[in-house]
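Have a look at the structure below before the remarks.
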Amino acid sequence: MSGGFAGTVKLTDREEFRFLTDLVLKHSGGDHTLVVLHDQHAGTTRFANNTVVQNVNSRRVTLTVTLAFGKRHGSATTTDLTAGAVREAVKRAEAMARVGPEDPEYVPPAPPQAYVDRPTALPETVAAGPDRRLELAREAVELCQGSSLKAAGVVSSSAATVGVAADTGLFAHEARADARFSVTATGENSTGWASNVHRSIDQLGVNERTRSAIEKAQRSAGAKEIPAGRYTVILEPSAVGGLLTWMMWMGDAKDYDKGTSPFSGKLGTQIIDARLNLANRPEHPDLLGCGFTPEGLPTNSLAWIDRGVLRQLAYDRFTAKQHRVEPIPTLEAPCLSGDGRTAASVDELVRATERGILVTNFWYIRTVNPTDLTLTGMTRDGTFLVEDGRVTTAVHNFRFHESPLRALNRLEAFTGPREASSAETGKLLVPAMKIREFNFSSVTRF
Amino acid sequence: MNRSEWDELAELALKRLRAAGAEYGDIRILDSRTQVVQGEDRRIAALRDSRDSGFGVRVLCRGAWGFAASSILSVEEVPRVADLAVQIAKGSASMTSEKVRLAEEPAHVDRVVTPLRIDPFGVPLEEKAGLLTDVMEYVQRQPGVVRSSGHLWARRDLKLFASTEGSRITFDLVAVQGGFEATALQDGRFASRTFNTPHLRTGYELIRDANLAAEAPRIASQAVEKVKAPPVEAGRYDLVLDPEHLSLTMHESCGHPSELDRALGYEANYAGTSFLTPDKRGSFRYGSPHVTFVADNTEPETLAATGYDDDGVACQKWDIVRDGLFVGYCTNREVAPKIKEARSRGSNRADGWGSVPIVRIANIGLQPGRATLDDMLADVKRGIYIEGHDSFSIDQRRYNFQFGGDAFWLIENGRRTHMLRDVIYHGITPEFWGSCDAVADPSHRRRFGFITCGKGQPGQSGWMTHAASHARVRNVSVIRGGSAT
């Protein structure tokens, strides 16, 4: 990987990683040894009040060695790849593995795997440096200034090489890159927001998304307070992504087995509306799928929720072995889609709504009750009252108390999957949704 | 790499910045070591020892910032990164409407070392693993408990800060923490109870003195009591809040809104802004006269008491809220002049060599009052006593908040009676603190801290300590978390 980042930084390539792996294995006295490399060159241009307030670039290379004697294991990490430092990391891992108690759940590294080669590092993103990020930031700021609004946001890009190898012959190495943009347009007492994350910095859609944030900020002016309560809501994709992300985090198979997951006992049963499907789509060009997991296992396309029925859980290798699950399902490129009739746009959902609340995004989502996955959070950066099929006014932000496991069973209508991302989620493809009786428990002052 | 080599690299970078015509520049070189022992369900699930070393160069050129960092500490990499920082700053200058002006600070030459009795990295791992194994065993002996976990954490930061203004400060900072959790299951419902030592800048004596194993049976028994407890009935209650619980309430509702960069819009796209805008300083009634929040980055052992911040500004003590009135902000050298303060409060911190320092919450603590806990409880007819942390959420201007807790007891006619579950309280920040009518005396004061305070883009984890005695807040809206809401 070269060029771009001013041609000044060369990330650890496949052969260099092989050399490092051999060095680690040569010094390791363990029964098993796993080597993980993460070498990243990243930068962010951050702006606020229509000016650059932070402009950073960093190079970080990390090597982690996990070493085991029987079922005793330990891990050591170093950011120094000189031979002496790598040897020292091996010794630290070895020292821990020698004194740690036996771990009944230890599983040796996987054998060699076959991987799908995916375009995970697009040249335009790898090549993007401070000048390109500044150019995009300037575009967003100038659009906001032109509308007499203040812009705050970020443009960032990252290129990395990632490697996983082991004494078993396991060897994976991949270049990855992504770019991120988000902007908050601020008026006198209103805000509007938009964001995107993409493998291609050229696909961030800075102009279109900034215009959307501007429109929301302008429409948010003069927001009125209306009482909390149960409302029909139209959730834009980022808001749906916020709820879905918490559902995805709760699918751990060990928690499921122990009875400490909200899904416990529900595998194979309908948990959400029968029109909805959740799948991992690592091959999708608008998602950030990669070739392998941190343990060197290949990622896979798989249905997790099929027509509302829970079909998959997230297994660690020990639990997978217990359940004889092969291959281990991964969910790093989530796509939620709906069967049947889809609305063409958020506007169509609005037009078909007699009275409801249009939500741009949620913020500070946290669990309230892990047993039934009741969550709380605030609406943010564009919350509107819909009456008789049109937005009539902006309203003060609400706090919600709702479980996605309940809300996604009150689904009225939805669009096709759209790109979604926020400060609290990764990149997803999810529909905008119209949901009835969504529970807003209180209202704030703006 | 030894200290004199660090000095040479620092000088190499600073020379480069001066030659490029920088108005200001600094370099931070760090070598951080983190050790984690993690237990889960009676087994030691992870033993991790991480070394993270590198340097970051920050430069002010033409009134704009540039920052570049690298994990490669070499005589070839340092000039490359310094030049890149300058190049980035000059790019920033092309999109900067107001030039950065730094508050004055004298140059400091100093060394800061965490006093400790027992080096946490010198304690045998067998002892640490054995402690957690014992604790998990005690926890899981309790009928009804289905899961256990525990952790021990230690960190050492060796750091050099050097600036073009002549500051040269070296640091050898250590921090330690430990805790465990019990999870109980009842009728398909589960609930957890946790025990945490504070995160403090001290040695392993913190863990030994906390006697985790002795606490395990109590915590396990309370986990079972909690999962079997009746759910709270929604309504208005007087709350008596313990110091650990208060540390989070103070952090979210007072700490963050008092960060001046937020109030000025720097975080508008992520962490948010603040209802405590500069025009309110000195006149806004934030809370009742019982409420005084003091920022103290000089108190020994606390996380933000590092001697100097990452601007090279000496740590200080000042008021945020005095007798209920909002009076002060957490600042750095960049934002202090924007509210006409001559000197930074010294609250600019980065979470590592690869991050640029940003304004961070100081060690903000609630000043003790005169009551005893028994007095405070005795004067409650219908209330809830809350310990520890759980669910929390707050809007981006820090008005509307909601908190759960780790354990709840119903107070009736001045007495703590039985446990409750699913307690959630919510409110509007100044109304909530305006209803505080008692704070316990200094004998009740405890310190708790955070090392995962999220802020900034790219995201950084801030460290700070919040001390408090118990506080009583009247007539707070309580709802039931879960399906009944």
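Looking for something aliphatic (A, V, I, L, M) and under 22 Å from A:PHE400 (Cβ atoms) - is there at least one such residue anywhere in the stretch B:400-421?
Taking every residue of the stretch B:400-421 in turn, none turns out to be aliphatic (A, V, I, L, M) and under 22 Å from A:PHE400 (Cβ atoms).
List the residue pairs whose Cβ atoms are under 6 Å apart, where the first residue sits in the stretch B:445-471 and is more than 28 Å from A:SER158 (Cβ to Cβ) and in contact (Cβ under 8 Å) with a residue 24 or more places away in the chain, the second is buried (at least 19 other Cβ atoms within 10 Å of the Cβ) and of a type in the set (Asp, Glu), and the two are 6 or more positions apart or on different chains.
Short answer, once both residue conditions are applied: B:PHE448/B:GLU244; B:HIS470/B:ASP242.
From B:GLY354, B:GLY287, which residue is within 26 Å of B:ALA69 (Cβ to Cβ) and surrounded by 22 or more Cβ atoms within 10 Å (Cβ to Cβ)?
One residue alone meets the criteria, B:GLY354.
For the stretch B:1-101, list the strands (runs of 3 or more DSSP E) that sit wholly inside it and hold at least 1 residues that are surrounded by fewer than 23 Cβ atoms within 10 Å (Cβ to Cβ); which are they?
Strands (runs of 3 or more DSSP E) meeting the threshold: B:24-40, B:43-61.
Within the stretch B:103-148, track down each residue that is part of a strand (DSSP E or B), among the charged types (D, E, K, R) and surrounded by 15 or more Cβ atoms within 10 Å (Cβ to Cβ).
The one that is part of a strand (DSSP E or B), among the charged types (D, E, K, R) and surrounded by 15 or more Cβ atoms within 10 Å (Cβ to Cβ): B:ARG147.
Given the condition farther than 21 Å from B:GLY456 by Cα, assigned to a loop (DSSP other than H, G, I, E, B) and of a type in the set (S, T, N, Q), answer yes or no: does some residue in the stretch B:386-401 qualify?
There is at least one residue in the stretch B:386-401 that is farther than 21 Å from B:GLY456 by Cα, assigned to a loop (DSSP other than H, G, I, E, B) and of a type in the set (S, T, N, Q).
This table checks each residue for (1) away from chain B (no Cβ under 14 Å); (2) free of Cβ contacts under 8 Å to residues at least 24 places away in the same chain; (3) more than 22 Å from A:ASP388 (Cβ to Cβ).
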| site | (1), (2), (3) |
| --- | --- |
| A:THR210 | no, no, yes |
| A:LYS216 | no, no, no |
| A:THR232 | yes, no, no |
| A:GLU236 | yes, no, no |
| A:GLY242 | no, no, yes |
| A:ASP255 | no, yes, yes |
| A:LYS258 | no, yes, yes |
| A:LEU267 | yes, no, yes |
| A:ALA274 | yes, no, yes |
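Condition first: in contact with a strand residue (DSSP E or B) (Cβ under 7 Å, 6 or more places away or on another chain) and either surrounded by 19 or more Cβ atoms within 10 Å (Cβ to Cβ) or at positive phi (or both). Now tell me which residues in the stretch A:261-270 satisfy that.
Across the stretch A:261-270, the qualifying residues are A:SER261, A:PHE263, A:GLY268.
Here is a list: A:THR125, A:THR78. Which entry is of a type in the set (S, T, N, Q), under 19 Å from A:GLY205 (Cβ atoms) and in contact with a Ser or Thr (Cβ under 8 Å, 6 or more places away or on another chain)?
A:THR125
Residues of the stretch B:243-262 being of a type outside the set (D, E, K, R) and more than 17 Å from B:ASN332 (Cβ to Cβ), which ones?
Those that are of a type outside the set (D, E, K, R) and more than 17 Å from B:ASN332 (Cβ to Cβ): B:PRO243, B:HIS245, B:LEU246, B:SER247, B:LEU248, B:THR249, B:MET250, B:HIS251, B:SER253, B:CYS254.
Quick one: in the stretch B:322-333, of everything that is over 12 Å from B:ASP309 (Cβ atoms) and assigned to a loop (DSSP other than H, G, I, E, B), which residue is nearest to the chain's Cα centre (by Cα)?
B:TYR329
Being within 14 Å of chain B (Cβ to nearest Cβ) and touching a Pro at 6+ places or on another chain (Cβ under 8 Å) is the requirement here; does A:ASP316 meet it?
In short, no.
Has the stretch B:245-264 got at least one residue that is on the phi < 0 side of the Ramachandran plot, part of a loop (DSSP other than H, G, I, E, B) and among the charged types (D, E, K, R)?
Taking every residue of the stretch B:245-264 in turn, none turns out to be on the phi < 0 side of the Ramachandran plot, part of a loop (DSSP other than H, G, I, E, B) and among the charged types (D, E, K, R).
Name the single residue, out of those in the stretch A:285-313 being of a type in the set (A, V, I, L, M) and over 24 Å from A:HIS38 (Cβ atoms), that is surrounded by the fewest Cβ atoms within 10 Å (Cβ to Cβ).
Step by step, filter the stretch A:285-313, then rank; the result is A:ALA303.
Results for (1) within 14 Å of chain A (Cβ to nearest Cβ); (2) in contact with a Ser or Thr (Cβ under 9 Å, 6 or more places away or on another chain); (3) at pLDDT 95 or above, shown as yes or no for each residue.
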position	(1), (2), (3)
B:GLU127	yes, no, yes
B:LEU131	yes, no, yes
B:THR164	no, no, yes
B:SER167	no, no, yes
B:GLY179	no, yes, yes
B:PRO198	no, yes, yes
B:ALA213	no, no, yes
B:GLU225	no, no, yes
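Report yes if some residue within the stretch A:322-329 is at pLDDT below 95 and under 17 Å from A:MET250 (Cβ atoms); otherwise report no.
yes
When the stretch B:273-290 is examined, which residues are found to be under 13 Å from B:SER258 (Cβ atoms) and either touching an Asp or Glu at 6+ places or on another chain (Cβ under 8 Å) or not in a loop (DSSP other than H, G, I, E, B) (or both)?
Residues satisfying the conditions are B:THR273, B:SER274, B:PRO278, B:LYS280.
Please count how many residues of the stretch A:48-98 are facing another protein chain (nearest Cβ under 7 Å), without any contact (Cβ under 8 Å) to a residue 12 or more places away in the chain and assigned to a helix (DSSP H, G or I).
Of the residues in that region, 0 qualify.
Taking the condition at pLDDT 95 or above, over 30 Å from B:GLY434 (Cα atoms) and not acidic (Asp, Glu), does B:PRO217 pass?
Yes, satisfied.
Whether any residue in the stretch B:149-161 is assigned to a strand (DSSP E or B), within 12 Å of another protein chain (Cβ to nearest Cβ) and in contact with a helix residue (DSSP H, G or I) (Cβ under 9 Å, 6 or more places away or on another chain) is what I want to check.
Among the residues of the stretch B:149-161, at least one is assigned to a strand (DSSP E or B), within 12 Å of another protein chain (Cβ to nearest Cβ) and in contact with a helix residue (DSSP H, G or I) (Cβ under 9 Å, 6 or more places away or on another chain), which makes the answer yes.
Here's a check for you: in the stretch B:367-396, which residue that is among the acidic types (Asp, Glu) and farther than 13 Å from B:PRO243 by Cα is surrounded by the most Cβ atoms within 10 Å (Cβ to Cβ)?
Residue satisfying both the conditions and the ranking: B:ASP395.
Take B:ASP41 and tell me if it is closer than 20 Å to B:PHE161 by Cα, of a type in the set (Asp, Glu) and in contact with a strand residue (DSSP E or B) (Cβ under 9 Å, 6 or more places away or on another chain).
Judged against the criteria, B:ASP41 is not a match.
In the stretch A:86-126, which residue that is over 32 Å from the mean Cα position of the chain (by Cα) and small (Gly, Ala, Ser) is modelled with the lowest pLDDT?
Among residues in the stretch A:86-126 that are over 32 Å from the mean Cα position of the chain (by Cα) and small (Gly, Ala, Ser), the one modelled with the lowest pLDDT is A:GLY100.
Within the bounds of the stretch A:38-56, is there any residue that is more than 30 Å from the chain's Cα centre (by Cα) and either surrounded by 20 or more Cβ atoms within 10 Å (Cβ to Cβ) or at pLDDT below 95 (or both)?
No: the stretch A:38-56 contains no residue that is more than 30 Å from the chain's Cα centre (by Cα) and either surrounded by 20 or more Cβ atoms within 10 Å (Cβ to Cβ) or at pLDDT below 95 (or both).
Does B:ALA471 satisfy the condition of being crowded, with 22+ Cβ neighbours inside 10 Å and touching a helix residue (DSSP H, G or I) at 6+ places or on another chain (Cβ under 8 Å)?
Criteria met by B:ALA471.
Go over the candidates B:ARG58, B:ARG51, B:ARG28 one by one and state the one that is within 25 Å of B:ARG156 (Cβ to Cβ), within 25 Å of the chain's Cα centre (by Cα) and more than 11 Å from chain A (Cβ to nearest Cβ).
Answer to the check: B:ARG28.
Sort out which residues of the stretch A:418-446 are in contact with a Pro (Cβ under 6 Å, 6 or more places away or on another chain) and either surrounded by 24 or more Cβ atoms within 10 Å (Cβ to Cβ) or among the basic types (Lys, Arg) (or both), and write them in order of number.
Result: A:ARG418, A:ALA420, A:LEU428, A:VAL430, A:PRO431, A:ALA432.
The values are calculated or read from the model by the stated rules, or taken from the named source; none is laboratory data. All values reported here derive from a predicted model rather than from experimental measurement. Please note: Cβ atoms are built from the backbone with ideal geometry, for glycine as well, and neighbour counts cover all protein chains shown.
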